[in-house]
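Let me begin by presenting the structure, written as structure tokens, before commenting on it.
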Amino acid sequence: MKLLVTGGAGYIGSHVVRAAEAAGHSCVVVDNLSTGLVARISSPIVELELASADAPELLAKLMKQHRFDSVIHLAARKQVGESVQKPEEYFLENLGGLANLLLAMREAQLMSLVFSSSAATYGMPDVDKVSEDYPGVPINPYGQTKLIGEMMVRNAAVWGLKGVNLRYFNVAGAGSADLADTAALNLIPIAINAVKSGKAPVVFGTDYPTPDGSCIRDYVHVEDLALAHLAAVDYLAEDAQEFSTFNVGTGIGASVIEVLDALKIASGIDFEVAIGERRPGDPPRLVADVSRIEKTLGFRTKHDLAAIVQSAWDAS
Ligand SMILES: NC(=O)c1ccc[n+]([C@@H]2O[C@H](COP(=O)([O-])OP(=O)(O)OC[C@H]3O[C@@H](n4cnc5c(N)ncnc54)[C@H](O)[C@@H]3O)[C@@H](O)[C@H]2O)c1
């Protein structure tokens, strides 16, 4: 298939492009290179700001020229804290960019879209495993842009779009050093940076109602996540309903302390750990119910926590 990948020069997007090419698809990337790196990909890249006024026309032209089978839309800003400080920028870029993309797809009659959504759409769920039907309420502008983005994809069914929203849980690891996550925004890269600079990684809160008191998350290897996109594209090409939403995780929770223990093994360094205060807005537990994606797409992750942490350490 021929795929248009927005944000394909980013951390996750470059893994998607690499997996797609390995599976025999060809990709064209659209990216504004705000956080993306050209060196991560060898596919043709069109440098474009998706939220710009001329984006719909330029994108429609590109779509008509290449006759893509599907679009994988990853381009977005993703820093939760920044989204709280600059909500308008997140709405303008994440949702303006998506609106422009949908306008272009409608114009070019390109009817298949995979959208990067997030477990941030769930807010603070108080369940063991969160299913796609959980009535979550996002607690920050970043999560709000993802939930509204999903609604925009659903609304486009009116002109025939088939869409899949993939709600990623905690993405980590790397397929190779050149594709590594260079923005240390999440636990694993932050902890790796701390260890490499001789500092103690911080556990924010050890008094949560979890077995060891630290927060539990569902870590998914970025290479597994990349393959979920290809499963979604295949599904859209075959028997998809108009609109579907799938969690992408392992269904297995790991606590912050367990992640740091895995990092001690991966790095071979018995580093100190610092204990800090809870951070506002951290749910104690956020683990995916993955039964829908397993049943509908036949998709299952292959990497466990040890493999995720080892690949992140090796790529750092
Ligand atoms: N990393 C995670 O843990 C995580 C979790 C859930 C969802 N997501 C979503 O996955 C997607 C990719 O995330 P990532 O971790 O690879 O981030 P990233 O910052 O590495 O990649 C984003 C890419 O999109 C490009 N981009 C951003 N805004 C753009 C715009 N307006 N126009 C054109 N290009 C633009 C950037 O240059 C970059 O190449 C995002 O939509 C993010 O919200 C990420």
Percentage relative contact order, the chain, counting C-alpha pairs under 8 Å, at least six apart: 19 percent
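Quick one: compute the contact order of region 118-189, relative version, from alpha carbon pairs under 8 angstrom and 6+ residues apart, as a percent.
Working: 54 pairs, mean separation 19.4, N = 72.
That works out to 27 percent.
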Ranked highest first by the average count of other Cβ atoms within 10 Å around their residues, in what order do 121-127, 253-259 fall? 253-259, 121-127
Rounded to whole angstroms and listed largest first, the alpha-carbon spread of region 88-150 along its three principal axes comes to 43, 27, 13
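Once fully extended, how much extra length lies between Ile275 and Gln85, figured as 0.36 nm per residue of separation less the alpha-carbon to alpha-carbon distance?
Numbers: separation 190, 0.36 × 190 = 68.40 nm, distance 2.62 nm.
Extra length from Ile275 to Gln85 when fully extended: 65.8 nm.
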Among the listed pairs Lys86/Lys196; Lys78/Lys196; Lys196/Lys264; Lys2/Lys78; Lys199/Lys264; Lys2/Lys61, give every one whose C-alpha distance is greater than 22 Å. Lys86/Lys196; Lys78/Lys196; Lys2/Lys78
Choose one answer from Ile139, Ile192, Ile269: the residue with the largest mean-square fluctuation in a GNM of the chain with alpha-carbon springs under 10 Å. Ile269
Please list the non-local residues whose amide H lies under 5 Å from the amide H of Val114, H modeled 1.01 Å from N, same-chain partners needing a gap of 5 or more. Val71, Ile72, His73, Val164
Compute the acute angle (0 to 90°) between the alpha-carbon long axis of helix 55-66 and the principal axis of greatest extent of the alpha-carbon atoms of the chain; round to the nearest 10°. 70 degrees
Need one word for region 4-109: rounded, prolate or oblate. Basis is the Cα gyration tensor (sqrt eigenvalues a ≥ b ≥ c); a/c below 1.5 gives rounded, then a/b vs b/c decides. oblate
In this structure, the FRET efficiency calculated for Met124 and Leu185 from their beta-carbon separation, with R0 = 30 Å, to the nearest 0.05, is 0.95
State, to one decimal in nm, how far the label point of Ala53 lies from the label point of Ser176, with both points 7 Å from Cα in the Cβ direction. 4.2 nm
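Rounded to a whole number of µm²/s, how large is the Stokes-Einstein D of the chain at 37 °C and 0.692 mPa s, given Rh as the Kirkwood radius over C-alpha pairs?
On the way: Rh = 19.8 Å.
Once the numbers are plugged in, D ends up at 166 µm²/s.
Could you order the peptides 238-245, 29-36, 181-188 from most to least packed, using the average number of other C-beta atoms within 10 Å per residue? Walk me through the numbers on the way to the answer.
Numbers: 238-245: 14.6, 29-36: 20.8, 181-188: 17.1.
Highest mean packing first, the order is 29-36, 181-188, 238-245.
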Above 17 Å lies some portion of the pair distances; for region 123-195, what is it as a whole percent of all C-alpha pairs? 62 percent
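Every number here is computed from the coordinates shown, using simple stated rules; none is lab data. Predicted, not measured: the structure shown is a model, and the values here were computed from it. Quick reminder, even Gly has a Cβ in these numbers, built from the backbone with ideal geometry, and neighbours come from all protein chains shown.
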